[in-house]
1. Of all residues in the stretch 141-154 being touching a helix residue (DSSP H, G or I) at 6+ places or on another chain (Cβ under 6 Å) and either in contact (Cβ under 8 Å) with a residue 60 or more places away in the chain or part of a strand (DSSP E or B) (or both), which is surrounded by the most Cβ atoms within 10 Å (Cβ to Cβ)?
2. Could you look through the stretch 178-197, keep only residues that are of a type in the set (Lys, Arg) and touching a strand residue (DSSP E or B) at 6+ places or on another chain (Cβ under 8 Å), and pick out the one that is farthest from Arg121 (Cα to Cα)?
3. Restricting attention to the stretch 217-236, which residues are under 15 Å from Pro8 (Cα atoms) and surrounded by fewer than 23 Cβ atoms within 10 Å (Cβ to Cβ)?
4. For the subset of the stretch 67-97 comprising residues that are of a type in the set (A, V, I, L, M, F, W, C) and either in a loop (DSSP other than H, G, I, E, B) or over 13 Å from the mean Cα position of the chain (by Cα) (or both), which member is surrounded by the most Cβ atoms within 10 Å (Cβ to Cβ)?
5. Being in a strand (DSSP E or B) and of a type outside the set (Lys, Arg) narrows it down to one of Ala193, Ala210, so name that one.
6. Looking at Val211, Val235, Val194, Val217, which is the one that is in contact (Cβ under 8 Å) with a residue 60 or more places away in the chain, of a type in the set (A, V, I, L, M) and more than 14 Å from Ile29 (Cα to Cα)?
Amino acid sequence: MVQPEKKPVKLFEHLDEFRALLGQKDVFIFLDYDGTLTPIVDTPDLAVLSPAMRATAQNLATHYKVSIVSGRATDDVQSKVQIDGIFYAGSHGFEIVDPLGNVTVNESARAVPGVIDRIHRQLSEALKGVKGALVEHVKYTLSAHYRLVSEQDFPRVRSAVAKILEEYPDFRRTDGKKVFEIRPRIDWDKGKAVDWILNVLRFDPAAHLAVYVGDDVTDEDAFAALEGKGIGILVADPPRASKARYCINDTADVQKLLEFFVRRKAAS
């Protein structure tokens, strides 16, 4: 049973406890991208992986099974991370690329991109007069960013999204950090993508443990999926109520955590 949400504790203040939970198990590591491997920025194109973070993540991937689970389109996050031999789950897991490059698309979502094309055109037209509004096509989902929209214009963004959803009832709105996401009403999310990858990796709770690191509301599905299988780590300062067990402050702490995992493997 999934535990109720509460504020997670600071991981680096409970590192001995965390180390004990890991024990001698093989750890499968899942990482969000925006707000986790990179800081949150004004527009999606500015979220570039730093050379230091890429080097750390590359080193991590030589020692562990690593997956990037993102709301971005799979090819977008692949082009930004540029690490071979890992899993990439894009569009909240609707499309997954395995370490050999094989692509798996959620069967129920195969017809979605064509509809997203139409929604993208319509919503872009509806918001073209709203300064700072950005409508991002994410292949199987769509993101309406309003980080740069004035408080006065924000209701126009919210209203335009609501109107689109009236026309497309098979889609729903979820909320992220200064973004409305339009997603198909399909029973699939980051948590189910994590479960799918764990199944491919032949996850055995006696020998393996999964760790998921993420910052956004959409990552809560993944934290919930790890109940009885692993540990969720929320990236947030200050921390909020979450299904994650631990929290860390920011991207710098994420790098510190990945370096911890590399040292752990070297010590073993």
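The values are calculated or read from the model by the stated rules, or taken from the named source; none is laboratory data. Keep in mind it's a predicted model, so treat the numbers as computed, not measured. Cβ atoms come from the backbone with ideal geometry, glycine included; neighbour counts cover every protein chain shown.
1. Step by step, filter the stretch 141-154, then rank; the result is Ala144.
2. Within the stretch 178-197, the first condition is being of a type in the set (Lys, Arg), and the residues that meet it are 178, 183, 185, 190, 192.
With touching a strand residue (DSSP E or B) at 6+ places or on another chain (Cβ under 8 Å) added as a condition, the list becomes 178, 183, 185, 190.
Details: Lys178: 21, Arg183: 16, Arg185: 20, Lys190: 26 Å.
Restricting to residues being of a type in the set (Lys, Arg) and touching a strand residue (DSSP E or B) at 6+ places or on another chain (Cβ under 8 Å), the top hit is Lys190.
3. Val217, Glu220, Ala224, Glu227, Ile231, Ala236
4. Phe94
5. Being in a strand (DSSP E or B) and of a type outside the set (Lys, Arg) holds for just one of Ala193, Ala210, which is Ala210.
6. Val235
Rundown of residues vs (1) at pLDDT below 95; (2) touching an Asp or Glu at 6+ places or on another chain (Cβ under 8 Å); (3) aromatic (Phe, Trp, Tyr), yes/no style:
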| position | (1), (2), (3) |
| --- | --- |
| Asp219 | no, yes, no |
| Ala224 | no, no, no |
| Gly228 | yes, no, no |
| Pro239 | yes, no, no |
| Tyr246 | no, no, yes |
| Asp250 | no, yes, no |
| Leu258 | no, no, no |
| Phe261 | no, no, yes |
| Lys265 | yes, no, no |
